[in-house]
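Some notes on the structure that comes next.
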Amino acid sequence: MKNPFGSKQFICSHQPNEIYELTFVSTQDWIQYIGCDEMESEASTKKRILIAAYQTFVERGFQGSSMRDIAGAAGIKASSLYNHFERKEDIFEAVFIEKHPMFRILEILDDVKGMTAEELLTNAVNQLHKELQREPNLLNLFFVELVEMGGKHIPTAIKTNFPTDSQFMKKIFSMKSDLRDIREPVLVRAIIGTIFANIMFNWFIGEVNTKRWGSTSEMTDVLLRGILKSR
């Protein structure tokens, strides 16, 4: 039977002579379509659980989400959930490590283009603003981690997934002639930290109030040139 969805191969115990290919996104529909409930691999089931858990946590928070809620959203029995995770916090930690907003922000930045440092940073701020409007849940998960979990999973997430080969930062470093002589780690912290802080501030004040607190171009100008007058 031709695979209509993806690239992973599975053998169904009911039809051992047939090989199927699936992706985790369409697994549930495909299983129902061919009438086989034993073909999904452990890895794809776990991935489906994490997708369901992410949506559940950002909508209800950690305390407001139960193992039964997550299992229901993933389309599996609650008892089956324990085959993959012992505790709800284990699920949250796995979701947070995978979905930490900083990693998604760096992915977005890698696609930004610009001929000069000023153009690159201006485009970066604009692009992040657009993407976060399309992905509002990105920051919700971070606040659940900060408020309900006390930020205890952040060090593990950073250690596990922080990219060491950011294309955006490579572009910035290639334009060093446009920049002050600043150590690279400090430059990374200043740029990413300032952009992230600006995004968080906009999230706090709400979209309707952003013009009062400065346009994107004004914020980019402060990022590039600081707040002190040139001597």
Flag if PHE62 is of a type in the set (Phe, Trp, Tyr), within 21 Å of the chain's Cα centre (by Cα) and assigned to a loop (DSSP other than H, G, I, E, B)
yes
Would you kindly identify the helices (runs of 4 or more DSSP H) lying entirely within the range 149-212 that contain at least 1 residues that are modelled with pLDDT of 85 or more?
154-161, 167-174
Looking at (1) in a helix (DSSP H, G or I); (2) at pLDDT 80 or above, which one does VAL125 not meet, given that it meets all the others?
(2)
Under 7 Å between Cβ atoms, at least 6 apart or on separate chains: pull out the pairs that start in the range 81-110 with a residue that is modelled with pLDDT under 95 and end on any residue that is surrounded by 18 or more Cβ atoms within 10 Å (Cβ to Cβ) and of a type in the set (Ser, Thr, Tyr).
HIS84/THR45; VAL95/TYR54; LYS99/TYR54
Mind checking which residues of the range 75-117 are in a loop (DSSP other than H, G, I, E, B), farther than 25 Å from ASN140 by Cα and in the same structural domain as ILE154 (by TED's automatic domain parsing)?
LYS113, GLY114, MET115, THR116
What are the residues in the range 169-189 that are surrounded by 13 or more Cβ atoms within 10 Å (Cβ to Cβ) and under 14 Å from VAL112 (Cβ atoms), if any?
MET169, LYS171, ILE172, MET175
Does ARG134 count as within 25 Å of GLY206 (Cβ to Cβ) and under 10 Å from the mean Cα position of the chain (by Cα)?
no
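The values are calculated or read from the model by the stated rules, or taken from the named source; none is laboratory data. Model, not experiment: these values are computed from the prediction. Neighbour counts run over all protein chains shown; Cβ positions are idealised from the backbone, glycine included.
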